Amino acid sequence: MKRCLSGIKPTGMLTLGNYIGAIRQFVTLQDEYEMFIFIANLHAITVAQDPKELKTNTKNLIALYLACGLDPEKVTLFLQSDVKEHAELGWILTCHSYMGELSRMTQYKDKIAKGETNITAGLFTYPALMAGDIILYDADVVPVGIDQKQHVELCRDIVERFNNAHGDTFTSPQPMTPKVGAKIMDLQDPTKKMSKSEDNPKGTIALLDEPSVARKKIKSAITDSIGIVQYDIENQPGIANLLTIHSCLSGQSIEDIVQQFEGKGYGDFKGVVAQGVFDFLTDLQAKHNEILTSKIIEKTLEEGAAKATLVARNKMYKVKKKLGLQVF
Ligand code: AMP
Ligand code: TRP
């Protein structure tokens, strides 16, 4: 069975973008692949975190993974910091990455461009840690949203470099982005990605938003003055975004939805999208609350860490031997 791995940072509120771009894929892939899904808490601390909030976000994220349909019987679900080998391999790969290639990573460049000053060295070397996360398990595929594709590509370069220098050691992973929904946009500015860290909460739907609030956000999403429901990213990015959201949540194709709204106005269309989001969140949050009050989170993380550690430890032993770190 091929291996599939991915992770999400437990920072801020998980958004509808995270669900559509990432978690939804994890759920559909769990029957086909041997899956490793983790909470990237070592990545989270590349920017300052409030420890209490980090704890709450971590519990919420694992509960959301489960509520979205990940089955701990099929998937190894774990916390990154519970498996020490991530930090260990991350360091080794930092020593196999070049300053030049790390400086070309968009996420880092964007922060510099925005004039952010408190950029930690960890934020800069983060793609090397991420490469370690992936190849520690010899993952074949990595389902991610478009913004993370570049990091998986860098991982492939690092694998090639390492394997050339030390002999065949790691599997080169393939990034996998969904055909529809790889980049859900902000509802108030559909040229920007919907993001957890967004300052304007009206543009972002958090998975734990009150469903009626989410409904309002969809209804007040920015559109255009063309007035025809059709998929035209260039001229109607707001409508294209709503079409994508509706298609992903309802399972209908974009063409079918467009046909359904032929001759109808944006009001009707938004009403249906908003109701779909309302129903989705209501159902998800009921499951989420049930999971949070049970003991299942603790058990899942404990078992997940044990399973992941077995694979990771074995791999690290081989890596350390190749590098001459393991003497006996
Ligand atoms: P992050 O929120 O940056 O930790 O991202 C976690 C996962 O969700 C990654 O695979 C991202 O690519 C994906 N993701 C985040 N925001 C969006 C979005 N607006 N649309 C689609 N995928 C997203
Ligand atoms: N960097 C990813 C993000 O910000 C999270 C992540 C960390 C990840 N390690 C990973 C995703 C390994 C896929 C594979 O979303």
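I need the per residue convex hull volume for segment 201-289, using only the alpha carbons, in cubic angstrom as a whole number. If you can, show how the numbers build up before the last one.
Details: hull volume 7.6 nm³, N = 89.
So the per-residue hull volume is 85 Å³.
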Fill in: Folded to 0 to 90 degrees: helix 296-323 orientation relative to the chain principal axis, Cα
40 degrees
Worksheet item: Any idea how far the Cα center of segment 27-44 sits from the one of segment 211-250, in Å?
Response: 29 Å
Discussion item. Quick check: at a probe of 1.4 Å, how many percent of the accessible area of segment 42-182 sits on carbon and sulfur atoms?
Written reply: 53 percent
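Over its Cα atoms, what ratio of radius of gyration to 2.2 N^0.38 Å does segment 272-328 give?
Details: Rg = 21.1 Å, N = 57, 2.2 N^0.38 = 10.2 Å.
Expressed relative to 2.2 N^0.38 Å, the Cα Rg reads 2.07.
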Worksheet item: Under a 5 Å amide H to amide H cut-off, with H placed in plane at 1.01 Å, what residues pair with residue 185 once short-range neighbours are removed?
Response: 194
Practice prompt. Just reorder 1, 13, 176, 130 by solvent-accessible area, largest first, 1.4 Å probe, all chains present.
Written response: 1, 13, 176, 130
Worksheet item: Taking a probe of 1.4 Å, how large is the accessible area per residue of the chain, in Å²?
Response: 49 Å²
Item to complete: Could you tell me what fraction of 2.2 N^0.38 Å the Cα radius of gyration of segment 3-72 comes to, as a two-decimal ratio?
Response: 1.10
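Starting from the Kirkwood radius over alpha-carbon pairs of segment 29-117, derive D by Stokes-Einstein at 20 °C in a medium of 1.002 mPa s and give it in µm² s⁻¹. Numbers along the way, then the final one.
Details: Rh = 15.6 Å.
Estimated diffusion coefficient is 137 µm²/s.
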Worksheet entry | Amide H contacts under 5 Å for residue 7, placed H, 5+ residues apart | 38
Worksheet entry | Cα-Cα P(r), the chain, percent of pairs per 10 Å interval | 5, 25, 32, 24, 11, 3, 0, 0
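Select from segment 77-107 those chymotrypsin sites (Phe, Trp or Tyr not before Pro) which occupy a DSSP coil region and have at most 14 other Cβ atoms within 10 Å, ordered by residue number.
Filter output for segment 77-107: 98.
Between their Cα atoms, which of 2/307; 55/183; 114/179; 9/52 are more than 22 Å away from each other? The partial results should precede the final answer.
Details: 2/307 17 Å; 55/183 27 Å; 114/179 30 Å; 9/52 15 Å.
Long pairs (Cα-Cα over 22 Å): 55/183; 114/179.
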Worksheet item: Once all Cα-Cα distances of segment 89-213 are split into 5 Å bins that start at 0, what whole-number percent is in each one?
Response: 2, 10, 17, 18, 17, 15, 11, 7, 3, 1, 0, 0
Worksheet, complete the sentence: Expected field for residue 151, accessible surface area in Å² at 1.4 Å probe radius, rounded to 10, holds 0 Å²
Discussion item. So if a site counts as exposed when it's one of the GluC sites (Glu not before Pro), its DSSP state isn't H, G, I, E or B, and it has at most 14 other Cβ atoms within 10 Å, what's the longest stretch of the chain without one?
Written reply: 117-233
Worksheet entry | Extent along principal axes [Cα atoms of segment 72-137; Å; largest to smallest] | 45, 24, 17
Worksheet item: For residue 79, which sequence-distant residues (separation of 5 or more, or a different chain) have an amide H within less than 5 Å of its own amide H, given hydrogens modelled in the peptide plane?
Response: 39, 305
Item to complete: Per DSSP H run of at least 4 residues, take -39500 (n - 2.57); add these up for the chain, divide by its residues and hand me the 222 nm value, nearest 500 deg cm²/dmol.
Response: -16500 deg cm²/dmol
Worksheet entry | With DNA, RNA and ligands ignored, accessible area of residue 96 (1.4 Å probe; Å², nearest 10) | 40 Å²
Discussion item. What are the equivalent ellipsoid semi-axes of segment 147-269, built from the alpha-carbon gyration tensor (square roots of five times its eigenvalues), in whole angstrom, biggest first?
Written reply: 37, 17, 12
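The values are calculated or read from the model by the stated rules, or taken from the named source; none is laboratory data. Since the structure is predicted, the reported quantities are computational estimates derived from the model, not experimental observations. Backbone-built Cβ (ideal geometry, glycine too); neighbour counts: all protein chains shown. When the accessible area is computed, the model is the full protein with side chains, heavy atoms only, and any ligands, DNA or RNA have been set aside. Shrake-Rupley method; radii C 1.70, N 1.55, O 1.52, S 1.80 Å.
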